[in-house]
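The values are calculated or read from the model by the stated rules, or taken from the named source; none is laboratory data. For clarity, every value in this text was computed on a predicted model and none was experimentally measured. When we count neighbours, we look across all protein chains shown, and the Cβ atoms used for this are built from the backbone with ideal geometry, even at glycine.
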Amino acid sequence: MSRLLRLIPVVFRTLRRSPIRSGLTITGIAMAMYLFTGVESMRNGVRDATEAGAGDSMLVVYRENRYCPFTSRLPEWYVDRIERIDGVKAAVPMQILVSNCRASLDVVTFRGVPEDALGASLSPGTEITSGSISDWKQRGDAAIVGEALAARRGIRVGDRFNAAGVAVYVAGILESSEMQDRNSAWVHLPFLQEALRRGGTGGFVTQFNVVVDDPARMDEVALSIDQAFAHDERPTATRPEKAFIGRAARDIVGIANFAGILGWGALVAVFALIANAIMLAMRDRIRDHAIMQTLGWTGPLIGWMVLVEGAMLGLFGGILGAFGSWLTIQYGRFAMTMEGASIEISTSAWTAIIGTGLALALGILAGVAPALRLSRRSIASSFGAV
Amino acid sequence: MSTPFIQCRDLTRTYTRGTERITPLDKLDLDIDRGRFVALMGPSGSGKTTLLNLLAGIDSPTGGELHVGDTPVHSLSRGRLAAWRADHVGYIFQLYNLVPVLNAYENVELPLLLQSISRQERHRRVSNAMEAVGITDRHKHYPRQLSGGQEQRVAIARAIVTEPDLLLCDEPTGDLDRETATSIMNLLQRLNRDEGRTIVMVTHDPATTRWADTLLHLEKGRLLEHEEATT
């Protein structure tokens, strides 16, 4: 075993002293793993945003057959009837205003809520990390901004910012485990309605966020809400929040699924790159291997060195690509927003570690066939091939 | 009378190339005593390199027996042959055959990586071997930065670093000018006389045979002449 470990520095030197070949191969692997980790992060974000958890208790009531915040208009007084429905714990009328209705990486979503319903409209565990809710209550144009949106736009408490024709004063920054909260700006409902008065939305809201008292009764409560307004002038369509996001962002979900194929393609590219690099290196080093065998190295030892070389290429490329992608996403705070629903490209060090592990495994796998071939090759045939 | 260090009995090597059967070594009988410096001569195709490869355990005979010391080399498996080679044989090539991406020190260190010895011991042995061949100031140089004579000295250091009983040289001066060849031959003779290493050297150059104490002539795979120097 110690003999095998002693050979690792020799392989490392061999790679380091062929800088162009090693550099190009590692760059290729890094680019593929960058793509793979980026795609996986996007898919993670879609999964987190659209897959319902057992503890989810939020329903979104939207105007039936409307798919954009600009066309969903529900009377604000619906809130009293919704709160009387059995199983509803709280209901918050919410006006949504987005700076861009299409899918985009930089959309500002304003959520207008009544002053006394801000707490109820935020998910449990949400914290105001700077500024305060009391500051928010004191100013009509105040906004509490989600930290992801604030980081993306470089917004701090005390700033004023303008989006979609609405200018707000930043009274606080909030941190939340829910990506919709992290990517929105929370303003006073009358302020947002007033800002949109020209469009005729006064007294109307985009949606109601409804908290049910028992997560197991989500479907039943949603059905009750829709039945209650079925014969009204403005019928509703009620869905669990995650399903609502999944429907709103169905194009992004489709893109994420397609990107999954690209991710697998990137892994195939890594395998092909390493296999190609190793095959070329083996061809160039037939003489060196014959010399080593003459010095007493066995075929299996030469094969081991080939495996180590594949593993090193995969590992270095994997670390560069996967962690490079992780850093980019970590500091870029990207979120795709569509029809007011945000999907963060969410990554974790774990995703980068898995990516690196996959590159390492592919590197070893790519070395198996050449290693086996070399381990069986006689010295005479190696010298004969020079 | 002591047993010869190298004993070949009916040693035969046959190849088949297509339908043609080639026998570069044909029932060779040969004894070499420990500590001899043997020069092996003969025309191309006479079986010199084949014999050298068999002695090194690089190739295996198709018939006969080959004993080196107490080891029946002809009957060893590939793995055991490699281990035996690592411990007992040093091989010097005509074209030096250094690994180009390793520097002089690392090239000499290569055979020691197979042995279970400490890094300090490896360093001591590599330094000693490089000192013995007079290239202590070339540790960090890569083969491309060395002259032919220096490369061959590194190759000799690599061959002797494991302190082998048997040094095999395949035309070690074939690619060197006369002056450098003389210094390399003096070095080999010193290793033979001072350290008692048995050397078998293939050569085409009659001038280099004067350093040897035994001269063997091969032709068509058979021993034609066996001369012992009278020194």
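Restricting the range A:1-33 to residues that are assigned to a helix (DSSP H, G or I) and of a type in the set (K, R), which is farthest from the other protein chains (Cβ to nearest Cβ)?
Checked the range A:1-33; the qualifying residue farthest from the other protein chains (Cβ to nearest Cβ) is A:R21.
State yes or no: is B:R85 away from chain A (no Cβ under 12 Å), in contact (Cβ under 8 Å) with a residue 12 or more places away in the chain and assigned to a helix (DSSP H, G or I)?
The answer is no for B:R85.
Out of (1) crowded, with 23+ Cβ neighbours inside 10 Å; (2) in contact with a Gly (Cβ under 6 Å, 6 or more places away or on another chain); (3) in a loop (DSSP other than H, G, I, E, B), the odd one out for A:S177 is which?
All conditions pass for A:S177, except number (1).
Yes/no matrix, rows are residues, columns are (1) at pLDDT below 90; (2) not assigned by TED's automatic domain parsing to the domain that holds A:R217; (3) not hydroxyl-bearing (S, T, Y):
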residue	(1), (2), (3)
A:V88	no, no, yes
A:V98	yes, no, yes
A:A103	yes, no, yes
A:D106	yes, no, yes
A:D116	yes, no, yes
A:S121	yes, no, no
A:G131	no, no, yes
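To keep it simple, each residue is scored yes or no on (1) surrounded by fewer than 15 Cβ atoms within 10 Å (Cβ to Cβ); (2) of a type in the set (V, I, T); (3) under 30 Å from A:E241 (Cβ atoms); (4) touching a helix residue (DSSP H, G or I) at 6+ places or on another chain (Cβ under 7 Å).
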| residue | (1), (2), (3), (4) |
| --- | --- |
| A:I329 | no, yes, yes, yes |
| A:I345 | no, yes, yes, yes |
| A:I364 | no, yes, no, yes |
| A:A369 | yes, no, no, no |
| A:R377 | no, no, no, yes |
| A:S381 | yes, no, no, no |
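May I ask you to list the residues in the range A:280-327 that are within 14 Å of another protein chain (Cβ to nearest Cβ) and either touching a strand residue (DSSP E or B) at 6+ places or on another chain (Cβ under 7 Å) or among the aromatic types (F, W, Y) (or both)?
A:T294, A:W297, A:W304
Among the numbered criteria (1) at pLDDT below 85; (2) assigned to a strand (DSSP E or B); (3) of a type outside the set (A, V, I, L, M), which one does A:G202 miss?
It is condition (2) that A:G202 fails.
Do we find that B:A132 is more than 22 Å from B:L188 (Cα to Cα) and within 19 Å of the chain's Cα centre (by Cα) in this structure?
Answer is no for this residue.
Is it the case, given these coordinates, that B:R178 is closer than 22 Å to B:L215 by Cα and either away from chain A (no Cβ under 14 Å) or of a type in the set (D, E) (or both)?
Yes; evaluated as a whole, the condition is true for this residue.
Looking only at the range A:233-253, decide whether some residue is assigned to a helix (DSSP H, G or I) and at pLDDT 90 or above. Talk me through it step by step, then tell me what you get.
First, pick out the residues of the range A:233-253 that are assigned to a helix (DSSP H, G or I): A:241-248, A:250-253.
Adding the requirement that they be at pLDDT 90 or above leaves none.
Looking through the range A:233-253, none of the residues is assigned to a helix (DSSP H, G or I) and at pLDDT 90 or above.
When only residues in the range B:102-117 that are facing chain A (nearest Cβ under 8 Å) and in contact (Cβ under 8 Å) with a residue 24 or more places away in the chain count, which is surrounded by the fewest Cβ atoms within 10 Å (Cβ to Cβ)?
B:L102
Quick one: is A:D214 free of Cβ contacts under 8 Å to residues at least 60 places away in the same chain, closer than 17 Å to A:V60 by Cα, in contact with a Gly (Cβ under 7 Å, 6 or more places away or on another chain) and not assigned by TED's automatic domain parsing to the domain that holds A:G318? Break it down stepwise before answering.
Details: free of Cβ contacts under 8 Å to residues at least 60 places away in the same chain: no; closer than 17 Å to A:V60 by Cα: yes; in contact with a Gly (Cβ under 7 Å, 6 or more places away or on another chain): yes; not assigned by TED's automatic domain parsing to the domain that holds A:G318: yes.
When the stated conditions are applied, A:D214 does not pass them.
Could you figure out which of (1) away from chain A (no Cβ under 14 Å); (2) out of contact with any Cys (no Cβ under 8 Å at 6 or more places or on another chain) isn't true of B:Y142?
(1)
Tell me, please, whether a residue that is assigned to a strand (DSSP E or B), of a type in the set (S, T, Y) and in contact (Cβ under 8 Å) with a residue 60 or more places away in the chain can be found in the range A:341-349.
Within the range A:341-349 (the criterion being assigned to a strand (DSSP E or B), of a type in the set (S, T, Y) and in contact (Cβ under 8 Å) with a residue 60 or more places away in the chain), the answer is yes, since at least one residue qualifies.
Exactly one of (1) assigned to a helix (DSSP H, G or I); (2) closer than 24 Å to A:G299 by Cα; (3) of a type in the set (G, A, S); (4) in contact with a helix residue (DSSP H, G or I) (Cβ under 7 Å, 6 or more places away or on another chain) is unmet by B:G149. Its number?
Checking B:G149 against (1) assigned to a helix (DSSP H, G or I); (2) closer than 24 Å to A:G299 by Cα; (3) of a type in the set (G, A, S); (4) in contact with a helix residue (DSSP H, G or I) (Cβ under 7 Å, 6 or more places away or on another chain), the one that fails is (2).
Restricting to the range B:150-175, name every residue that is more than 14 Å from every other protein chain (Cβ to nearest Cβ) and acidic (D, E).
If the condition is that a residue be more than 14 Å from every other protein chain (Cβ to nearest Cβ) and acidic (D, E), then B:E171, B:D175 are the ones that fit.
Of the residues B:R125, B:R144, which single one is within 26 Å of B:E171 (Cβ to Cβ), in contact (Cβ under 8 Å) with a residue 24 or more places away in the chain and part of a helix (DSSP H, G or I)?
Result of the check over B:R125, B:R144: B:R144.
Could you list, in sequence order, all residues of the range B:87-101 that are surrounded by fewer than 22 Cβ atoms within 10 Å (Cβ to Cβ), out of contact with any Lys or Arg (no Cβ under 7 Å at 6 or more places or on another chain) and among the aliphatic types (A, V, I, L, M)?
B:L95
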